[in-house]
Every structure is written in C-alpha cells, then in structure tokens.
Amino acid sequence: MERPTKEQIIELPLYTGLDLTHIHLVENEQDAERALKALENEPCLGFDTESKPIFQKGEISPGPSLIQLATESKAFLFPTRFPDAVAAARIILANPNIKKIGFGIKGDNKELRGKLNIEIANTQDLSVLLKRLAGDKNTIGARAAVAMVLGKRLAKGAQKSNWGAYPLKEHQILYAANDAHSAICVERALVLLTF
C-alpha cells in the first residue's frame, strides 16, 4: 500500500458517499433522541469535527462548531450551538462500546475535551494506522486514505468554509457528513483487506 501523489488523486473518480437524504442535522431534543436511537448500538462510527478556520496569527479557536458521526448508511451532524446536539454527541462519544474512527483525531479529541468538556472513549486514528501500513514517514489524511484504500478522490472544497455560520449550506453538510462517512468506509475496507 503506497500513498498516491496529488496528481494521481486528481485522476481518480470522485468519492460520492452519502446524499442529503441520508444526512440528519441534530438541532433539538427530538433530533437528539432519534440520533441516539440510531447510533447507540453501532459497534463503530466514522467521526470528525469541523471548526471555524483561524486566519489571523494569535487568534484562538472557539472550538468545534460541528461534530459528525456516520455509519455506512447514514450520518448525523451535531452543531455545537445546540445544547441538545452537544448532549447527544457527548453520550455517543463517551460510550466505550462504540469505536470512533477518524483521521487525525488527536486534535479533535483535545478541542472537544477543552472547549465542550467531552471525553471521548475508544478511538482509532486511521492516519496513524495507514502511516504504519504504508511505511510512510508522515501521517496519512482523509484525502490520501480514500485514494489509497477506496481508489476515490475525496473532495475537500468546503474544508475552509465558515463552520461557525448557521444554517449550514448544502455543500458544507455534504462535505462534513462524508468526511466522517469516508472514515468508516476506509476502516471497513481495511478490515476486508486484512482477511
């Protein structure tokens, strides 16, 4: 397994992931209950966060604006501006029976702990795992991982958008959900490759 070049990634077909009908925003108590019911018995979930980008030197991050959790068939987005969304995400993230899988999640964990007092249990950082499997000296992010393992190109166009603004735009919703979704899909593919 080898990390593809940027030129090779550009040539790959686009990773389509989930469409809007399979992505759920958690904004109130009913949404939170629905998310908990859908996710509480999953053995593992794709996981990511989005924060408002920092453009000025010395500017301090306000913390995550969005928490994303995904199964292979659906994603739930938890905007941190809604207390019910944060409470539901906290329950899932703290559950030691559910593995949370993502890319470069050390920073996500630190931000969630420091800004939202969320302790995350049972995580797997695919960046570190893929670095080891590929024998690469650098960690491998979501875009390179999706290319390496799934043979697809993960779009990263909304990465630097303003995640603090609400409501989220359609392209932000798709981007955020599919960042978490790609993690669970890469993990599943890696399990199949090792058997």
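The values are calculated or read from the model by the stated rules, or taken from the named source; none is laboratory data. Computed from a predicted structure; not experimentally measured. A quick note on method: Cβ atoms are made from the backbone with ideal geometry, for glycine too, and the neighbour counts reach across all protein chains shown. Areas reflect the complete protein model, heavy atoms only, side chains present, ligands, DNA and RNA absent. Shrake-Rupley method; radii C 1.70, N 1.55, O 1.52, S 1.80 Å.
Counting only helices (runs of 4 or more DSSP H) that sit wholly inside segment 117-195, those with at least 3 residues that are open to solvent by 20 Å² or more (accessible area, probe 1.4 Å) and more than 22 Å from PRO64 (Cβ to Cβ) are 126-134, 170-193. Considering the conditions (1) touching a helix residue (DSSP H, G or I) at 6+ places or on another chain (Cβ under 6 Å); (2) over 22 Å from GLU33 (Cβ atoms); (3) part of a helix (DSSP H, G or I), ILE101 is excluded by exactly one of them, (3).
Scanning segment 72-98 for residues that are more than 23 Å from ALA165 (Cα to Cα) and either surrounded by 17 or more Cβ atoms within 10 Å (Cβ to Cβ) or modelled with pLDDT under 95 (or both) yields LYS74, ILE92, LEU93, ASN95, ILE98. The condition (being within 12 Å of the chain's Cα centre (by Cα) and among the hydroxyl-bearing types (Ser, Thr, Tyr)) is satisfied by just one residue among THR71, THR139: THR71.
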